[in-house]
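Structure first, then comments.
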Amino acid sequence: MDTSRSAGILLHPTSLPGPHGIGELGPEALRFVEFLKEAGQSLWQVLPLGPTGPEGSPYSAYSAFAGNPLLISTDRLLDDGLLEPGQVPKSAPEGSVDYGAVDASKGEMLRRAYRNARAGKGLGEDFERFREGEKGWLGDYALYAALKEKFG
């Protein structure tokens, strides 16, 4: 039985600094992991990471499998060629989080990235591999998400 001790921190990625209203799983998350390592921490507890309602609570996730699209790294979309710098919304004001505004802004940005991907600007093979590997839940969740967006 392993009785060694470990220490860490509980911090949802949305609480990390980020230019678009909430933290993302991008460069700031990587810097945080490096900080934890330098501080001698070995655990990062993140809370549920699923898609949430308008209040942003990680405990109100719509899916046990899907990730929260608000956590998608804007920098990664730029690096992968799915967005051009002019397609990224301006930075959100610092302070309290307006999840409705973040959702609207990030949603439009992700739709642009999707249109760019469909136009052949990146991730074609990776996306198809993802779809195939996650087919047990992805189609049903995509239908649910589309109906939820359309009808509320």
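Points worth noting:
- Members of the stretch 74-86 that are more than 19 Å from Glu125 (Cα to Cα) and surrounded by fewer than 18 Cβ atoms within 10 Å (Cβ to Cβ): Asp75, Glu84, Pro85, Gly86
- Matching residues, the stretch 90-139, being aromatic (Phe, Trp, Tyr), assigned to a helix (DSSP H, G or I) and exposed (fewer than 15 other Cβ atoms within 10 Å of the Cβ): Tyr114, Phe127, Phe130
- Considering residues of the stretch 55-73 that are in contact (Cβ under 8 Å) with a residue 60 or more places away in the chain and either hydrophobic (A, V, I, L, M, F, W, C) or within 30 Å of Ser4 (Cβ to Cβ) (or both) only, the residue surrounded by the most Cβ atoms within 10 Å (Cβ to Cβ): Ala66
- Of all residues making up the stretch 49-70, the number that are in contact with a Pro (Cβ under 7 Å, 6 or more places away or on another chain) and assigned to a helix (DSSP H, G or I): 3
- Residue match in the stretch 36-54 (condition: in contact (Cβ under 8 Å) with a residue 24 or more places away in the chain, surrounded by 14 or more Cβ atoms within 10 Å (Cβ to Cβ) and touching an Asp or Glu at 6+ places or on another chain (Cβ under 6 Å)): no
- Subset of the stretch 24-35 that is within 14 Å of the chain's Cα centre (by Cα) and in contact (Cβ under 8 Å) with a residue 12 or more places away in the chain - its residue that is surrounded by the fewest Cβ atoms within 10 Å (Cβ to Cβ): Pro27
Bear in mind that the values in this text are calculations on the coordinates, not laboratory data. Computed from a predicted model, the values in this text were never measured in an experiment. Note that we place each Cβ from the backbone using ideal geometry, even for glycine, and neighbour counts take in every protein chain shown.
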